[in-house]
Every structure is written in structure tokens, then in C-alpha cells.
Amino acid sequence: MRRLLSCLIAVLVLFIAAPQGWAQVHEHESENGTRMVRSLESLRDLDYDSWQAVAYREGKPGEPVVLRIVGYPGKLRLDHPVSLQVEAGRRSWALDDITMANPALASDGREAAAEFSLDPLLDDLSNNRPLRLMLPGVFTELPVPPYVVGEWRSLQDLPLS
């Protein structure tokens, strides 16, 4: 009994003393050499298809945050522009499609990625609530857990080192 209690206390101390951090948010260099901070997550839609959700900000805090949705080539065929629909409870947003503003994506024939302006959503959120993303003709619902929303919200103010 004494050993079990000691083990439980040790595990509890480890959880309490563990440093807080953003495991999935990190600094990176973009294709054009610009420093950026990004959150990279793999999410599954209701059909159990995997999608990468990459939220990033290039440059200093206050610059726009962009959400890139990446699927397997051939899964994401869009007639741009198409808005990304986002819901959180009774609230909803339509995020602007900015894919064609990125020269690398505009000229990529695979059409495996789309980009959206994330700032209107982040500016309107006051907490890390779960979200549901809908992209007409691609997926009907892509759940986004609260910890990912927290990572996205942190990108607006996170300094580059």
C-alpha cells in the first residue's frame, strides 16, 4: 500500500511540475526563406480521411495568420475561391479563400492544398473552443479540438526568436 501511494504521489508531482509549452507550435523557415511560426496538426474528418491543418504566421507578431488545409493529391479539387465554413456552437464564420495569392499553390497542378485567412476567426474567439470546419465538395465536417484552437490563437502574438 505504501509503494502504491508513493508511486501515485510521484506521478502527480511529475504532472504538476511538467513545463507548459506548445508542443506543436514551432519556428520554421518558409519556402522563400522568411521566418515563420506554425502549428502543424493532422486531423480526421467524419469519413475518417486525414487532413493536415497548418496554421502559420510569417514575420513579426500582428502579421496575418493563414490556415492551410492539405489533403492527399487528388482529394482537394476546388474552383477557387470557396469559403471555409467554421462553426462553434451557434456561432459561424466564412473564412476567405486566399489560395491564389500564394504563387506556389496557384501554380501547383496537384491542387492538394487550400489556404484561408484565419484572422477573422481568431479575432472573434475569446477562448479555446472546439470548432467544426466544412469545405463544400471536399469534407462535410472536420472537427478541431480546443488545444489546436489554442495553438492557432497563440500564433497571433508569439515572437520569433
Any chance Leu160 is open to solvent by 50 Å² or more (accessible area, probe 1.4 Å), among the hydrophobic types (A, V, I, L, M, F, W, C) and under 14 Å from Arg38 (Cβ atoms): yes
Any hit, the stretch 113-129, residues being in contact with a Gly (Cβ under 9 Å, 6 or more places away or on another chain), assigned to a loop (DSSP other than H, G, I, E, B) and charged (D, E, K, R): yes
Residue that is surrounded by the most Cβ atoms within 10 Å (Cβ to Cβ) [pool: residues in the stretch 124-139 that are under 15 Å from Arg77 (Cα atoms) and not aromatic (Phe, Trp, Tyr)]: Leu135
Test result for Trp93, among the aromatic types (Phe, Trp, Tyr), surrounded by 13 or more Cβ atoms within 10 Å (Cβ to Cβ), modelled with pLDDT under 90 and touching a helix residue (DSSP H, G or I) at 6+ places or on another chain (Cβ under 8 Å): no
Residue within the stretch 101-123 that is open to solvent by 70 Å² or more (accessible area, probe 1.4 Å), basic (Lys, Arg), over 22 Å from Arg35 (Cβ atoms) and modelled with pLDDT of 90 or more present: no
Some residue of the stretch 71-80 being under 14 Å from the mean Cα position of the chain (by Cα), in a strand (DSSP E or B) and of a type outside the set (Asp, Glu): no
Residue match in the stretch 56-69 (condition: among the β-branched types (Val, Ile, Thr) and not in a strand (DSSP E or B)): no
Breaking point among (1) open to solvent by 60 Å² or more (accessible area, probe 1.4 Å); (2) part of a loop (DSSP other than H, G, I, E, B); (3) not polar (S, T, N, Q), for Glu87: (2)
Residues of the stretch 1-58 satisfying the condition of being modelled with pLDDT under 90, within 14 Å of the chain's Cα centre (by Cα) and either more than 30 Å from Thr140 (Cβ to Cβ) or among the hydroxyl-bearing types (Ser, Thr, Tyr) (or both): His26
Options Val138, Val144, Val148: the member that is under 21 Å from Glu63 (Cβ atoms) and within 18 Å of the chain's Cα centre (by Cα): Val148
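The values are calculated or read from the model by the stated rules, or taken from the named source; none is laboratory data. Predicted model only: the values in this text are computed from it and were never measured. Neighbour counts are summed over all protein chains in view; Cβ atoms, including those assigned to glycine, are modelled from backbone coordinates with ideal geometry. The protein model used for the area step is the full one, side chains on, heavy atoms only, and it has no ligands, DNA or RNA in it. Shrake-Rupley method; radii C 1.70, N 1.55, O 1.52, S 1.80 Å.
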